[in-house]
Every structure is written in structure tokens, then in C-alpha cells.
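Let me begin by presenting the structure, written as C-alpha cells, before commenting on it.
Every number in this text was worked out from the coordinates using simple rules, so none of it is lab data. These figures come from a predicted structure and were not determined experimentally. We place every Cβ from the backbone using ideal geometry, glycine too, and count neighbours over all the protein chains shown.
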Amino acid sequence: MNAMGEAAKLLKPMEAEAYLALEAKSPVRHELLEGVPYAMAGASLAHNRIVGNLYALLRPTALAKGCRIYTETVKLRVSARTFYYPDLMVVCEGRPPHTHYEEAPCLVVEVVSENTEGIDRREKLWRYRELPSLQGYLLVDSRERRVEGYFRQGEGWLYRLWEGEGVVEVPCLGAELSLEAIYEGVEV
């Protein structure tokens, strides 16, 4: 086989089973977009603190409601060939479909940074909103006290913005979080 044939073979979209096998052995996490794996970069200290704060704040309510809450190391399958690692997700229905991923979150949270903002605001927003179970998608900025929310309203989506101070509504858990609590210990 010539070099062009080898290159074409390497670009063949990866199936879910092959991706899951790759992730089980890889020291680097990858998201899968339409069959193409993309290595994930490390997170900033602010990013990590925000995710930790959100998990600590939402975990008691999630457990009380019988929901599962996950942070950045659990995959979300959004289609046959697309898997993401959301910064935080809450799942309140059914049993997990697999030992390494979920499929039906009611809440997804992404912590936005300069490097991830475009993907979080366009690609992931578009794909997450297609999940029938999703009630809310929160974008939490790691650079300033700013949270944006997309909330399912019938067949459409309602957009909300919180900046500086205020209380963020958390769909599916019926919880509220202050911006102060979300950003506790974070210099922005």
C-alpha cells in the first residue's frame, strides 16, 4: 500500500468501541468528535477550583434527589461517534448505560477558558441541546465572575446571564448557587 493509502486508513472515523478501548489504555484523555479523537489540555488552577466548588455545592442536593454527579473524568456520549468529558454533569434518570460513560444528563456545566470558549459556546452548546434529557447547560467563566445558562423551555431554550453577584438557578436539582460560593477561593 502506498503512503496515501496509509494516510487514508489513519483518518477513518473511530467507532465508539475503539475509542473506549483507546481511552482505557491512554495516559492522556481524548474527546471524540464525529469519530476523530482530540487530546485534552490540562486545566488552570482557577478551573479546577471552580469545578471543585460546584461539585461540593451540588453533591448533597444531587444525592438527596437520587441523582448521580460527575466531574471531568467521566465521559458523556452525545452520539454514536461523539464523546465529551464535561466539567460537571448531573444524571437523575435510569442506570448508567456503561461503566465509563453516561448518556442522559439533566445538567451539564462547562468551565470556560480562553482555550475552550469557542468549543463550549458553539460545538458543545449545539450538541448538548440535542440531548432530550438536558434541562440546563451552564457556562461558568474561569476569568471573571460570570455564569451563562441555557434552560429548556418547552421546545425552545431560555438564556440567562449572571455577572459579579447574584444567585444562579440550577435546573433539574431545584437548587440555587451564589456566584460568591461558585468562585470561593478563586482569583478572577
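Some notes on this structure:
- Segment 51-92, dipole about Cα centre (Lys/Arg Cβ +1, Asp/Glu Cβ -1), debye to the nearest 20: 180 debye
- Amide H to amide H distances under 5 Å link ASP87 with VAL109, VAL111, where only residues 5 or more positions off or on other chains count and H is placed in the peptide plane.
- Counting only alpha carbon atoms, the long axis of helix 45-64 and the longest principal axis of the chain meet at about 70°.
- Prolate/oblate/rounded label for segment 15-105 (Cα gyration tensor, a/c 1.5): oblate
- Taking every DSSP bridge with both residues inside segment 44-182, close to 75 percent are antiparallel.
- Along the axis of the charge dipole computed for the chain (Cβ charges of +1 for Lys and Arg, -1 for Asp and Glu, origin at the Cα centre), the listed residues ALA80, LEU58, VAL168 are led at the positive end by ALA80.
- Other-chain or far-sequence residues with amide H under 5 Å of ARG29's (modelled H): MET40
- Whole-Hz ³J(HN,Hα) from phi, Karplus 6.51 cos²θ - 1.76 cosθ + 1.60, for segment 144-156, glycine and proline x: 7, 6, 8, 10, 10, x, 10, 10, 5, 10, x, 8, x
- The HN-Hα couplings worked out from phi for segment 83-99 by the Karplus form 6.51 cos²θ - 1.76 cosθ + 1.60 (θ = phi - 60°) are 10, 10, 10, x, 5, 7, 8, 10, 10, 10, 10, x, 9, x, x, 7, 7 Hz, whole numbers, x standing for Gly and Pro.
- By the count of other C-beta atoms within 10 Å, a proxy for reagent exposure, PHE151, PHE83 are ordered fewest to most as PHE151, PHE83.
- Linear extension gain, HIS98 paired with LEU22, 0.36 nm per residue minus alpha-carbon span: 25.8 nm
- Among HIS100, HIS30, a tally of other beta-carbon atoms within 10 Å of each Cβ gives an order, fewest to most, of HIS100, HIS30.
- Shape class for segment 10-60, computed from the alpha carbon gyration tensor (a ≥ b ≥ c): prolate, with a/c not under 1.5 and a/b above b/c.
- Here's how it looks for LYS75: its modeled amide H is under 5 Å from those of GLU102, which are all 5 or more places away or on a different chain.
- Measuring nothing but how far apart in sequence close Cα pairs (under 8 Å, 6+ apart) lie, relative to its length, the chain scores a relative contact order of 17 percent.
- The string of couplings for segment 100-110 from the Karplus curve (6.51, -1.76, 1.60, θ = phi - 60°) is 10, 7, 10, 10, 10, x, 9, 9, 10, 10, 10 Hz, one whole number per residue in order, with x for Gly and Pro.
- Tilt relative to the chain, helix 16-25 - C-alpha long axis, 0 to 90 degrees, to 10: 80 degrees
- For segment 67-188: rounded, prolate or oblate by the Cα gyration tensor [a/c cutoff 1.5]: prolate
- Based on DSSP H segments of at least four residues, each scored -39500 (n - 2.57), the chain has a per-residue ellipticity at 222 nm of -7000 deg cm²/dmol.
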